Amino acid sequence: MACAGQHHHHPASADPARRQPLSRARVAVLDPALHLPRAARPRGRLVPAPEGLLAGFARGARSGSRPDEPKRGAGPNAGEGAVVTADVAEPSTTSRHVTLNDGRRHHYVAVEGEGPTLVFLHGYTDSWRSFAPLLPALAGAGRLLLLDQRGHGLSERAERYAIADFTGDAIAFIEAVVGGPVHLVGHSLGSIVAHRVAAIRPDLVESLILIGPARTAAGHPGLAELDAELAALGEDIPPAFVTAFQRGTTHREIGEADLAAFVSESLRLHPDTWRGALAGLVNDPDVPDTVLDRPALLLWGDRDAVFDRGAQADLARHLERPTAIDYPEVGHAPHWEIPDRVAADIRDFIGAPAPRGDAAARPQKDLADAAR
């Protein structure tokens with residue numbers, strides 16, 4: 001595990017001038033000249049900075065593009081032990097369900113392995129598949145458990161979507177499936193939930209790994225605007241809107257197959273989940289003001305259109321041992337845009353050995369080349 005309060009050591013080509021303090025956190029800024037795995041894929045091509053997250057949402061909602069829409073709702077649940085098909089060649093994933101304290105079935109995907117357990121909490125309107133781009137490069141890092149949060153993916157819908165509800169689910173899941181402390185990985189909404197779990201039940205958290213993170217989204221003006229857009233759409237959330245929504249969270253263009261998978265997962269959601277989970281994010285009255293003593297890795301793109309640098313500083317102030325890495329020219333979803341770099345930073349933080357085989361042998365290519 002990376003020592004708390006220390007820089008991650010990246011190649012000498014990183015520009016020391018790009019390193020800057022973030023509250024008490026140590027910040028490692030990745031220079032575009034670094035050689036990073038898989039950067040040559042289409043997901044790495046630079047695109048213009050978004051005009052604003054909600055501008056893309058509005059364009060999508062009003063574009064008039066109406067391709068056939070998958071049926072919304074819980075959908076058919078895969079049975080215990082069924083193999084989940086994903087755009088990931090390795091490692092193998094297994095679909096499972098667990099009934100938690102609220103009596104609802106929650107779906108998760110397991111990648112079995114030796115070593116520590118990592119539990120993944122996805123972002124708003126996503127599912128476990130949000131983390132699929134990380135899986136090949138995390139092979140052998142430990143046991144990976146990817147939870148579909150309530151109302152998302154194949155987990156059952158609920159009446160309530162407050163942060164406290166998501167937090168209770170995550171705590172119950174760790175207790176039921178693991179029974180001990182885990183490395184808790186969260187993106188966006190999932191980062192807020194993970195932080196809350198560590199505040200309430202630090203005994204269940206070995207460390208926090210927070211991607212595109214914040215301590216809270218309470219009062220976020222952009223999310224309030226999104227709420228108004230959703231209200232205008234009513235019960236019809238068209239695919240064009242969802243596509244614009246997902247595109248608007250990234251700065252680097254991701255592969256079309258990945259985008260289609262993420263859009264499909266968001267279309268699965270019932271409109272009540274879209275609205276309820278968003279209300280839970282914006283109306284968050286129980287934000288803990290304590291300083292957490294768990295080691296924490298903060299992974300943030302400097303083109304994040306959702307949570308800005310101020311949100312990172314606020315989060316770091318409430319962590320006793322934060323280590324932060326800023327990714328230049330990366331948006332709100334680093335695990336989609338530069339997945340191998342994110343996976344490498346996670347492995348380094350938890351002390352996992354470097355991957356072997358295909359994951360380690362992928363060609364290295366300069367990010368600057370990928371921009372062309």
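Just so you know, all these numbers are worked out from the coordinates, no wet-lab data involved. For clarity, every value in this text was computed on a predicted model and none was experimentally measured. Cβ sites come from the backbone with ideal geometry, for glycine too, and all protein chains shown count toward neighbours.
Observations on the structure shown:
- Residue ranges 260-267, 112-119 sort as 260-267, 112-119 when ordered by packing (mean number of other C-beta atoms within 10 Å per residue, highest first).
- Per-residue HN-Hα couplings for segment 187-197 [Karplus 6.51, -1.76, 1.60; θ = phi - 60°; Hz; x = Gly/Pro]: 10, 6, 3, x, 5, 5, 5, 4, 4, 5, 4
- ³J(HN,Hα), Karplus 6.51/-1.76/1.60, whole Hz, each residue of segment 216-226, x for Gly, Pro: 7, 10, 4, x, 4, x, x, 6, 5, 5, 4
- 14 Å reach of a label modelled at ALA218, 7 Å along Cα-to-Cβ, counting backbone N of segment 272-297: 280-290
- With the highest mean first, a sort of the peptides 190-197, 290-297 on other beta-carbon atoms found within 10 angstrom per residue produces 190-197, 290-297.
- Applying 1/(1 + (r/R0)^6) with r as the Cβ-Cβ distance of SER264 and ALA354 and R0 = 35 angstrom yields a FRET efficiency of 0.60.
- Taking amide H as placed 1.01 Å from N in the peptide plane, the amide H of VAL182 sits under 5 Å from that of VAL205, GLU206, SER207, each at least 5 places away or on another chain.
- Extension gain for the segment GLU159 to ASP314, taken as residue separation times 0.36 nm less the Cα-Cα distance, is 52.7 nm to one decimal.
- For ALA305, the residues 5 or more places off, or on other chains, whose built amide H falls under 5 Å of its own are HIS332.
- Anisotropy class of segment 225-323 from Cα gyration tensor, a/c 1.5 cut: oblate
- Amide hydrogen proximity for ALA296: with H placed 1.01 Å from N in the peptide plane, the residues at 5 or more positions away or on another chain lying under 5 Å are LEU208, ARG321, THR323.
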